[in-house]
1. Output needed: Cys residues of the chain lacking any neighbouring Cys C-beta below 4.7 Å, sorted by number.
2. Ranked from highest to lowest mean number of other Cβ atoms within 10 Å per residue, what is the order of the peptides 147-155, 289-297?
3. Using the 10 angstrom Cβ neighbour count as an exposure proxy, how do K281, K199 rank, fewest first?
4. Order 216-224, 78-86 from most to least packed using the mean count of other Cβ atoms within 10 Å.
5. Output ³J(HN,Hα) for region 18-28: one whole-Hz value per residue in order, computed from phi by the Karplus curve 6.51 cos²θ - 1.76 cosθ + 1.60 with θ = phi - 60°, and x for Gly and Pro.
6. Under 8 Å for C-alpha pairs, at least 6 residues apart: give me the relative contact order for region 222-280, rounded to a whole percent.
7. Which ordering of E36, E200 is given by a fewest-first count of other beta-carbon atoms within 10 Å?
8. Quick one: compute the contact order of the chain, relative version, from alpha carbon pairs under 8 angstrom and 6+ residues apart, as a percent.
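Read the figures in this text as sums done on the coordinates, not as results from a lab. Just so it is clear, the structure is predicted and the values come from calculations on it, not from any experiment. In this analysis, Cβ positions are derived from the backbone assuming ideal geometry, glycine residues included, and neighbour counts consider all displayed protein chains.
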Amino acid sequence: MNNKEIIQEIYEKIKSIDDEGELASYIPELANVDPENFGVHISTINQNNFGIGNCYDKFSIQSIAKVLSLCMAYRILDKKIWERVGVEPSGTAFNSLVQLEADNGIPRNPFINAGAIVISDILISNLENPKEDFLNFVRSISNNSEINYSDKIAKSEKKVGFRNIALCNFIKSFGNIQNEPSDVLDFYFDLCSLEMNCKELSDLFLFLANHGSSMIDNHMILTKSQSKRINALMQTCGFYDESGEFSFKVGLPGKSGVGGGIIAIHPNQYAIAVWSPRLNKKGNSYKGMRFLEEFTTESQLSIF
């Protein structure tokens, strides 16, 4: 079977299973999403693209945006970035404060909330108009001027973001936040509110399957070395304290978001986006994880 047939078959199978997940109701606006939404889209290096289900419906990509903010900051600071944030799996929840005390305010990796907040601080320090500049960066990678923040989602997160406020202030106490915490958090909540559909997401992330170069005009977004390291971080840290499980079952670099989206990369081959809003206990899409496990098993295509 080809990818299209495999995706169709697995989609129908996973669509019909009992979804044991729950909506991310701690962000009020995400609790209003139809829990039955389920979409998949694959974008390949050789342009054999295919989507099914709710793959054209926009959703809040949440922490998937952390990969994009990291890419932008990495372009600016290159290897100096690792003086501010680590590259190790955390083994703890995405919003944990526990390790920051022992690690003197250096987050374990850029994909936990603490790490993404430090990356936000780096961007604020280096960009003239952070929100506009970041949005333009994302739009330029995707060649899509319609990608935007969601005011509703951002406002919803700002109302209940007490844990992130605590994280930012705690990191500030160690000197690893240089700007005003309120400014850093305002930017952070906005970047997490980015909305895309599965097609837009898989198209955008294809550059990480193409050694850091754009599939549109082949210009270099990241160097080959930087692209390799971003993929390595997605492999080891992209799913918080379920990263090992995802690597074991799926075998691809990837990143999840509490909006129910997952992006996964197969270098030299494809980027695949899955969206199903109900989350498992670790905060990752229940059906999304199941789908990708079966897809790489059935296609026999993983990086291992």
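1. So far as the 4.7 Å Cβ criterion goes, C71, C168, C192, C237 stand without a partner in the chain.
2. Details: 147-155: 17.6, 289-297: 21.6.
Sorting 147-155, 289-297 by mean packing, highest first, produces 289-297, 147-155.
3. On the way: K281 10, K199 20.
In order of increasing Cβ crowding within 10 Å: K281, K199.
4. Descending mean neighbour count gives 78-86, 216-224.
5. 3J(HN,Hα) across region 18-28, in whole Hz: 5, 8, 7, x, 10, 5, 6, 6, 5, 9, x.
6. On the way: 68 pairs, mean separation 13.4, N = 59.
For region 222-280, the relative contact order is 23 percent.
7. Details: E36 11, E200 22.
Fewest-to-most Cβ neighbours within 10 Å comes out as E36, E200.
8. On the way: 577 pairs, mean separation 86.7, N = 304.
Contact order relative to length: 29 percent.
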